[in-house]
Structures are given as structure tokens and as C-alpha cells.
Amino acid sequence: MAIANTDDGVKLYYEEAGTGQALVFVHEFAGDWRSWEPQMRFFSRYFRCITFSARGYLPSDVPPHASDYSQARAVKDIVCLMDHLAIDKAHVVGLSMGGFATLHMGIHHAHRVLSLVIAGCGYGAEPDQRAVFKAEVDAAAALFQQAGPVEAAKKYTMGPTRVQYVNKDPRGWAEFSAQMAEHDPLGSANTLLGVQKMRPSLWELVEGMKTIQVPALVITGDEDEPCLEPALLMKRHIPSASLVVLPRAGHTNNLEDPDAFNRHLMDFYFSVLTGRYATRDPRSLKSGILGFGK
């Protein structure tokens, strides 16, 4: 197996395919290294693509304590993986939990980033939803610990932002759900308690967002209700951000609508690689239709 060692001794499993500029995929809570297969198959024709399992996700190591997991640690693990692979800079793509880590890469490790794709990012990030979100995280962690991953996956993959996937592609959703059922329950619980529950709200990161100058693409589904306002927040405060809202789409958008997802990424990368991507024209920030506002 291909293994990268982190600076705190955790082994991360990864796979890579293709040659060219590096493209690193960072998975969501319900996923693992396999979650990016539609993107690995397509983009490895043009890039050196890397997918990996975060700590707590087999066949990577599963540290035993929730204190071994955090948002900062998840970001540092991406850097450790890049160091192991001798990658100075990479295009980084993250979904949901991976989207949070990708955003933090842009804020804290911009010198290691060629571009950012931040997809399905924002669940629990709105300030008035923090208490509800933390209660949900505690309940989900208890479910993994007490009922196990099979029962937890059944419930988790049928949530309000996942039904879009099962309605569009029952076969693909069944594979996604079965893969989640194989997750280590301790790793899932620790990820929920150490990363998800404790991560800062996106509203606390606005000043950091304003510093991002590398090309950034924000993607969300129009039926992924918890991520709509956060997507607008990122669009408004990341100077280099463009925003794609996928129609009739939920949370698992790279798998739910892989053709649309890949097409938007390819358009984005074409503009980046040809030097045509730019930060937002400040004239577009004026209020009003005719531009007479402040």
C-alpha cells in the first residue's frame, strides 16, 4: 500500500494516477479515498491526481483519541501528504469536511496552493446554528459508537441533503452508502468530535478569506440548504472566488452529478492554466443596478 507518514506518526493511505500538475482530492465525512473515483478517472488524463483517506478512515491509521483529530490537524495532514510526495504546490479540491480543510489551506498555506475548489462546504457554520449543529454531532458520534457503522451509515446517507442522490442514481448511492458502512466506528466518532464539532465557524474566518488570492471555485447544490448561505459568504469575501450552484442537487455533488461537477472544474482549470483567471473586478461590488450606490 502507498503510505505517507504525518509529523505525529499517523499513516495515511493514498493513491495517485496521471502526470502533470498535482491535483489533491480531500473527502467528506461520509466518504474516503474512494469517493473521488469519477474525478480520478477523468482528471488523471490531464493532472497528477492524488486521493487519500484522512486519519480515522481505513486503510489509514485510526488514532484512538478525539484529541488526535482537529481542523488544524486535518489541514496539516494535507501538507504532510504533499511533502511525502515532494509536491511543492497543488490544486486542492475538497467536499464538505474536505471543503473546510481546503479553505484553511488557502488561508494558512497559500504558498502551497495553485487553486482551490471548495464544494459543499458550510454545514453547521452559520452562527445561529452552532448549538444545533454540535448537538447533532454528539448524537451522530453516539450512534457510531453504540449502533456501529452499518446502522449509522443507513441513517446518515438518507439525510435531507442526500435524498437527491438516491433519487437520481440509486445504484451510485447504494455504493456510496455501502462504503460508508465499512468505516471504522471509532474513527468516525473521533472525527465528528475532534474535527466537526470543534472547527471554527466560517463566519469566524471572513478576515482570512479576504487574504486568499489564488483562484478559487465554490460549488454547492441548490437543495443543500445548510451550505447555501455559507457559499454566498465565501463568494462575497474571497476576492478570487467564483460560485457554481448546481440545480436540484444535494450535498454529495461530486458523485451525485459527476459530469456537471467535472465540467465546471475543467472550465475552471482551463481559465487558471491559460492565465485568464482573475480576482473580482471591484466595480462589480457597488450596490444598485446602475452603479450609483456605494
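The values are calculated or read from the model by the stated rules, or taken from the named source; none is laboratory data. Here the structure is a predicted model, which is why all the values come from computation and not from measurement. All Cβ positions, even for glycine, are placed from backbone atoms using ideal geometry, and neighbour counts span all protein chains on display.
Residues are listed down the side, and each one gets a yes or a no for (1) more than 16 Å from THR102 (Cβ to Cβ); (2) small (Gly, Ala, Ser); (3) touching a Phe, Trp or Tyr at 6+ places or on another chain (Cβ under 9 Å):
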| position | (1), (2), (3) |
| --- | --- |
| ALA181 | yes, yes, no |
| LEU192 | yes, no, yes |
| ASP222 | yes, no, no |
| MET234 | no, no, no |
| ARG248 | yes, no, no |
| ASN262 | yes, no, yes |
| VAL272 | no, no, no |
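Residue-wise test of (1) part of a loop (DSSP other than H, G, I, E, B); (2) β-branched (Val, Ile, Thr); (3) under 15 Å from the mean Cα position of the chain (by Cα); (4) within 30 Å of ARG171 (Cα to Cα).
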| residue | (1), (2), (3), (4) |
| --- | --- |
| PRO226 | no, no, yes, yes |
| LEU233 | no, no, no, no |
| VAL245 | no, yes, no, yes |
| ASN254 | no, no, yes, yes |
| ASP259 | no, no, no, yes |
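With ALA189, ALA216, ALA141 as the choices, which residue is crowded, with 20+ Cβ neighbours inside 10 Å, on the phi < 0 side of the Ramachandran plot and more than 19 Å from the chain's Cα centre (by Cα)? Talk me through it step by step, then tell me what you get.
Working: ALA189 fails: more than 19 Å from the chain's Cα centre (by Cα); ALA216 fails: more than 19 Å from the chain's Cα centre (by Cα).
Among ALA189, ALA216, ALA141, only ALA141 is crowded, with 20+ Cβ neighbours inside 10 Å, on the phi < 0 side of the Ramachandran plot and more than 19 Å from the chain's Cα centre (by Cα).
Cβ-Cβ contacts under 9 Å between residues 6 or more apart (or on different chains), taken from a first residue in segment 13-28 that is at positive phi to a second residue that is part of a strand (DSSP E or B) and aliphatic (A, V, I, L, M), are absent. When VAL79, VAL117, VAL93 are screened for being outside any strand (DSSP E or B), β-branched (Val, Ile, Thr) and at pLDDT 95 or above, only VAL79 passes.
Within segment 181-201, the set of residues being touching a Pro at 6+ places or on another chain (Cβ under 8 Å) and at pLDDT below 95 comprises SER201 only. Selection of segment 167-207 for residues being touching a residue at least 60 places away in the same chain (Cβ under 8 Å), out of contact with any Gly (no Cβ under 8 Å at 6 or more places or on another chain), under 25 Å from ARG130 (Cα atoms) and part of a helix (DSSP H, G or I) yields ALA189, LEU192, LEU193, GLY194, VAL195, TRP203, LEU205.
Could you tell me which residue of segment 17-56 is surrounded by the fewest Cβ atoms within 10 Å (Cβ to Cβ), considering only residues that are outside any loop (DSSP other than H, G, I, E, B) and aromatic (Phe, Trp, Tyr)? Per the criteria, the residue is PHE42. VAL272 meets each of the listed conditions (1) outside any loop (DSSP other than H, G, I, E, B); (2) within 20 Å of CYS121 (Cα to Cα) apart from (2).
Kindly indicate whether any position in segment 50-62 is at pLDDT 95 or above and closer than 24 Å to ALA260 by Cβ. Scanning segment 50-62 turns up at least one residue that is at pLDDT 95 or above and closer than 24 Å to ALA260 by Cβ. Within segment 179-195, is even one residue in contact with a helix residue (DSSP H, G or I) (Cβ under 6 Å, 6 or more places away or on another chain) and over 24 Å from VAL137 (Cα atoms)? No: zero hits.
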